[in-house]
Amino acid sequence: MNDRLPNRLELIGITKRFPGVLANDNVSFAVKPGEIHALLGENGAGKSTLVKMIYGIMQPDAGDILWNNQEITVANPKAARKLGIGMVFQHFSLFDALTVLENIALGMDAKIPQRELEVKIRAVMQQYGLLLDPRRTVATLSVGERQRIEIVRALLLDPKLLIMDEPTSVLTPQEVEQLFVVLRKLASEGCSILYISHKLHEIKALCDTATILRGGKLVDTCDPKEETSRSMAEKMIGAGLKEIKKPANTLLGRPKFIVDRLTTRPDGAVGIGIAEVSFTVHVGEIFGIAGVAGNGQNALLDALSGEITVRRGEAIRLDEAPIGAVGPTERRRHGLSAVPEERNGHAAVPEFALYDNSVLTARDRMKMVRSGLLRRGVAKTYTDKVIAEFAVKAQGPNATAGSLSGGNLQKYIMGREILQNPSVLVVSQPTWGVDAGAAAAIHQALVDLAAEGSAIVLISQDLDELLSLCNTLAVINEGRLSRPMNIEDVSIEEIGLLMGGVHGESAEMAPTVVPPTTIVAPTPMAPEAEPAHAH
Amino acid sequence: MGTDFVIAAIITIIGISTPILLAGLGELVVEKAGVLNLGVEGMMLIGAITGFAVTVMTGNPWLGVLGAAAGGALSALLFGFFVLTLNSNQVATGLALTIFGTGLSSLIGLSFVGRIVPQFGSSFPPALSRDPIGRLFFSYSPLVYFALAMVFVVAWFLRRTRSGLILRAVGENDLSAHSIGYSVIGVRYLAVAFGGAMAGIGGAYFSLVITPMWAERMTSGRGWIALALVVFASWKAGRLLIGSLFFGVLMWLELNAKAGGLSFMPYAGSIPSQFWAAMPYLMTVVVLALISMRDRGGSSAPACLGKPFLPAT
């Protein structure tokens, strides 16, 4: 990076108004060639709107966009790509029924024969270590693999500015490091990178400059290396961050929730099942399950929530009651609540009002149904309580779930389950795509619930989250669960290896394994590697 | 059953399969782009009458086919305006198109009742179809060969061309296609117009080839069979060809049963023609069940089929 170089991209006074909201209010900043520039802000701070205008999906109401000091209008994404602006979306714009190759071909404006394109794709994948079979159908790929398509697609266009929207949420620590290697390499070749993330330590590790947005306004442009994560988070939220209050040195109670050799069938060609999963969660314990997306987390959540049942009821026991063979409604009566990863369409019905969504999971425990008739008043009162206690930004219980932002909907869903006072709570990815403020509130709620004597199973890909909340941690890989580890005894390196497919004891006895698929850079402690997949 | 009988049966079956093949190919492309147009029957009738009228006025059946294509495409564009520009419900609008097409074709047809149109010439020199085997290959109307060629054109277009890939992308995930920068509405208009043109030509096959005269509702529900055919073929052009012949056999059995002429089949004499008429729909349901069993709840239907395109603003 060179300060004397002209700006590659400069925004001057960008303003964008939606009905009722000022999404961007007079935002100005500049990006140099080869600079990695962070864009930081809570959900709803206007980051997405801003990059959508740079990428030509929306047009600003006021303000100028300068590209290499020329004032430009980015009419559409095609025009953006022509200028050399590439984007990796947070929500992948992929076509499930098409192959990797076809998906990438769709993103290319130049008409390249597919055979030639495949050669190019393989070259880029090789160069940056993004391994993927171009001929696989996207529907069969994991979230992490899908993201690689997006990255390859953007890199093929040889961009001068690459916009990355929350790129690391689904990657292992090793993959994150590897992505950073890719991004630093790109930057050293002169490509500018606009990096949107909530993960402050990543921004500190990677970015040269950070622009912080709050409520559509620019708060600060700073050097993240000179800031602490905390100071940046405070600028982003506008108030002091609350520390998670964890009850000191909790003594765990009796075993509450026992999973014993739980096995499910693989789900068609797409998903994978879980195999012989066993663990015990005690009263007051938060049991974390780490792992890269697509390693059986969904099957595990479905099996624990009761969406998938097994014949052997004893495979899942809650207070000694066998519940493995009964469905979600019966399990809820036993006090087991579950929050799946997908907020819209799985945990909540987007078209329904919030109070109707409350009825869907709380009807029995909160007595919202009497002789087959809904008691709307009860449902609304309960929903009001969820909104108030979890600080959900919503226009009352009549607002549809789909009208809430991701973070607020997640707070509502967590609140809906937690206020039912479940004795066992199973959650998957509770803070995926949620801003730091909401994430902190959700984390605090989980800790409080455990302190009140519930047993919690927390499935997450966010290691920071797991390490800060859990008492016990296990790693899921290809449907198998590692030995549970006390949180004080684990190291990031060990978890990373387990996530990469090295199971149980073998991780300790032979810490040298480099699985073929995920880890490219061998860990430093691997002098005489013996490649083996320890199953 | 002699060889002659079998060959005559095959020739009839290929003939009656052609209109559903034509209309089905059009609807296949429409549905691949994510639009469900239930107005195939109506578009076929409009094609039948415009094709007939143009042929009567010009004396040239080829111009009639062009007219049928234009008539079908225009009625499809009207449907497109409602569902694509005004975002009206596709199912309801498609049904309305069928009702509209039925009525409009009857109205236009009033002044053409009893008229006779000139026929297509034979596709090949008559010498080629003197013996039975020759007839099996060379005796059809040019529209039959056209339909067959279109199977390969549509399959090639969808699988091998960039435009076909874009069209499939629009039908699979309209929002993504939009965010990449493709015109979802534009692609869908073109697909809908193509579907209308093909349905129109399929309709003209009735009024210009099967019975070279106009009769109200002469397509007699074949538009619905074409719709079922697309599902039956699980949205693949090659299977559409096989399916159209299979449905052709069922329609042929129905026609024979109506005429009381199934005596050549043991036990079949007592089966009412309605049974055969119902079979294409029954088989479609069976195929649908088989597909979803194989894919475990999934479906090979385009993911955005029938959904309006509502981009975030």
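The values are calculated or read from the model by the stated rules, or taken from the named source; none is laboratory data. Remember, it's a predicted structure, so these values are computed and weren't measured experimentally. In this analysis, Cβ positions are derived from the backbone assuming ideal geometry, glycine residues included, and neighbour counts consider all displayed protein chains.
Within the stretch B:31-50, the set of residues being farther than 24 Å from B:Leu250 by Cβ and aliphatic (A, V, I, L, M) comprises B:Ala33, B:Val35, B:Ile46, B:Ile49. Among the residues that make up the stretch B:30-39, is at least one of them polar (S, T, N, Q), outside any helix (DSSP H, G or I) and under 16 Å from the mean Cα position of the chain (by Cα)? Within the stretch B:30-39, one or more residues are polar (S, T, N, Q), outside any helix (DSSP H, G or I) and under 16 Å from the mean Cα position of the chain (by Cα).
Here's the yes/no breakdown for (1) within 29 Å of A:Ile316 (Cα to Cα); (2) β-branched (Val, Ile, Thr); (3) buried (at least 19 other Cβ atoms within 10 Å of the Cβ):
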{"residue": "A:Asp384", "(1), (2), (3)": "no, no, no"}
{"residue": "A:Phe390", "(1), (2), (3)": "no, no, yes"}
{"residue": "A:Pro397", "(1), (2), (3)": "no, no, yes"}
{"residue": "A:Ser403", "(1), (2), (3)": "no, no, no"}
{"residue": "A:Gly407", "(1), (2), (3)": "no, no, yes"}
{"residue": "A:Lys411", "(1), (2), (3)": "yes, no, yes"}
{"residue": "A:Ala441", "(1), (2), (3)": "no, no, yes"}
{"residue": "A:Leu446", "(1), (2), (3)": "yes, no, yes"}
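Scanning the stretch B:181-198 for residues that are assigned to a helix (DSSP H, G or I) and among the small types (Gly, Ala, Ser) returns B:Gly186, B:Ala191, B:Ala193, B:Gly195, B:Gly196, B:Ala197.
If only one of A:Ala123, A:Ala139 is among the small types (Gly, Ala, Ser) and more than 14 Å from chain B (Cβ to nearest Cβ), which one is it? Exactly one of A:Ala123, A:Ala139 is among the small types (Gly, Ala, Ser) and more than 14 Å from chain B (Cβ to nearest Cβ), namely A:Ala123. Of all residues in the stretch A:175-196, those that are among the aromatic types (Phe, Trp, Tyr) and modelled with pLDDT of 90 or more total 1. Out of the residues in the stretch A:94-113 that are assigned to a loop (DSSP other than H, G, I, E, B) and among the small types (Gly, Ala, Ser), state the one that is farthest from B:Ser300 (Cα to Cα). So, considering only residues that are assigned to a loop (DSSP other than H, G, I, E, B) and among the small types (Gly, Ala, Ser), the one farthest from B:Ser300 (Cα to Cα) is A:Ala110.
I'd like to know if the stretch B:154-171 contains one or more residues that are touching a residue at least 12 places away in the same chain (Cβ under 8 Å), within 14 Å of chain A (Cβ to nearest Cβ), touching a Cys at 6+ places or on another chain (Cβ under 9 Å) and assigned to a helix (DSSP H, G or I). Looking through the stretch B:154-171, at least one residue is touching a residue at least 12 places away in the same chain (Cβ under 8 Å), within 14 Å of chain A (Cβ to nearest Cβ), touching a Cys at 6+ places or on another chain (Cβ under 9 Å) and assigned to a helix (DSSP H, G or I). A:Val152 falls short on exactly one of the conditions (1) more than 26 Å from B:Cys304 (Cα to Cα); (2) at pLDDT 85 or above; (3) away from chain B (no Cβ under 14 Å); (4) in a helix (DSSP H, G or I), and that condition is (1).
Among the numbered conditions (1) under 28 Å from A:Gln297 (Cβ atoms); (2) surrounded by fewer than 21 Cβ atoms within 10 Å (Cβ to Cβ); (3) within 12 Å of chain B (Cβ to nearest Cβ); (4) touching a helix residue (DSSP H, G or I) at 6+ places or on another chain (Cβ under 6 Å), the only one that A:Ile104 does not meet is (2).
Only one of the listed residues (A:Ile316, A:Ile323, A:Ile308) is touching a residue at least 12 places away in the same chain (Cβ under 8 Å), within 24 Å of the chain's Cα centre (by Cα) and at negative phi. That residue is A:Ile308. Of the strands (runs of 3 or more DSSP E) lying entirely inside the stretch A:259-355, those containing at least 1 residues that are basic (Lys, Arg) are A:316-318. For the stretch A:452-460, the criterion of a residue being modelled with pLDDT of 90 or more and touching a Cys at 6+ places or on another chain (Cβ under 8 Å) is satisfied by at least one position.
Matching residues to (1) within 14 Å of chain B (Cβ to nearest Cβ); (2) surrounded by fewer than 21 Cβ atoms within 10 Å (Cβ to Cβ); (3) farther than 27 Å from A:Asp464 by Cα:
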{"site": "A:Ala303", "(1), (2), (3)": "no, no, no"}
{"site": "A:Gly306", "(1), (2), (3)": "no, no, yes"}
{"site": "A:Arg331", "(1), (2), (3)": "no, no, yes"}
{"site": "A:Gly335", "(1), (2), (3)": "no, no, yes"}
{"site": "A:Asn344", "(1), (2), (3)": "yes, yes, no"}
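Listed here are the helices (runs of 4 or more DSSP H) enclosed by the stretch B:217-296 that have at least 2 residues being buried (at least 19 other Cβ atoms within 10 Å of the Cβ), within 13 Å of the chain's Cα centre (by Cα) and not basic (Lys, Arg): B:222-232, B:237-258. Once the stretch A:88-101 is narrowed to residues that are more than 9 Å from chain B (Cβ to nearest Cβ) and at pLDDT 85 or above, the residue that is surrounded by the most Cβ atoms within 10 Å (Cβ to Cβ) is A:Val100. When restricted to residues that are of a type in the set (Gly, Ala, Ser) and either under 30 Å from the mean Cα position of the chain (by Cα) or assigned to a helix (DSSP H, G or I) (or both), the stretch A:53-93 contains 6.
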